[in-house]
1. How much length is gained on full extension from A42 to F72, taking 0.36 nm per residue of separation minus their Cα-Cα distance?
2. If amide H atoms are built 1.01 Å from N in the plane of the peptide, which residues on other chains or at least 5 residues away come under 5 Å of the amide H of V65?
3. List F20, F72 from most exposed to least, where exposure is judged by having the fewest other Cβ atoms within 10 Å.
4. Points 7 angstrom from Cα along the Cβ direction at D26 and T88: gap in nanometres?
5. Name the residues whose placed amide hydrogens come within less than 5 Å of the amide hydrogen of Y21, ignoring near sequence neighbours (fewer than 5 apart) on the same chain.
6. Residue-wise, which Karplus ³J(HN,Hα) couplings in Hz belong to the stretch 74-85, taking 6.51 cos²θ - 1.76 cosθ + 1.60, θ = phi - 60°, and x for glycine or proline?
Amino acid sequence: MYNYEVKPNHYYKENNASDFYIEILDGPFQGLCFVFGPIEFAGEDENGNGKINFDYHLLFIPANVNFEEHKFEIEQMVANVLQRIFETLVENNSDETGTGDTESTDEGRGLSQEGDTLSEG
């Protein structure tokens, strides 16, 4: 599992219209930066699990990362990051409706994922 941070898009703004980008903080793809493109909910699979279709755009690939050689692993990592973001949003939504353990939320916070624990950045 990779640690990542959602950052305000000041640095890559001229290349992309997104307000935020995601930077991988560790592992073999450390420093890789990307944004999500369109995300579409595509119903459920045969087991009742939600399916999504999404696009992503790489903003920065570190010199030591060969994208063509590691394309599958990078795409899996991006999908896992998206899943973790959705899980965090669901947890935060539960907290705001009084069903979670958190007493308050900060809608303007930056999010970073460190292991399995969400931390405020």
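Throughout, read-outs are computed from the coordinates displayed, never taken from laboratory work. Computed from a predicted model, the values in this text were never measured in an experiment. Methodologically, a virtual Cβ is constructed for each residue, glycine included, from the backbone with ideal geometry; neighbour enumeration extends over all protein chains shown.
1. 8.7 nm
2. none
3. F72, F20
4. Here the answer is 1.5 nm between the modelled labels.
5. Amide H neighbours of Y21: K7, N9.
6. With the stated coefficients, the stretch 74-85 comes to 5, 5, 5, 5, 4, 4, 5, 4, 4, 4, 5, 5 Hz.
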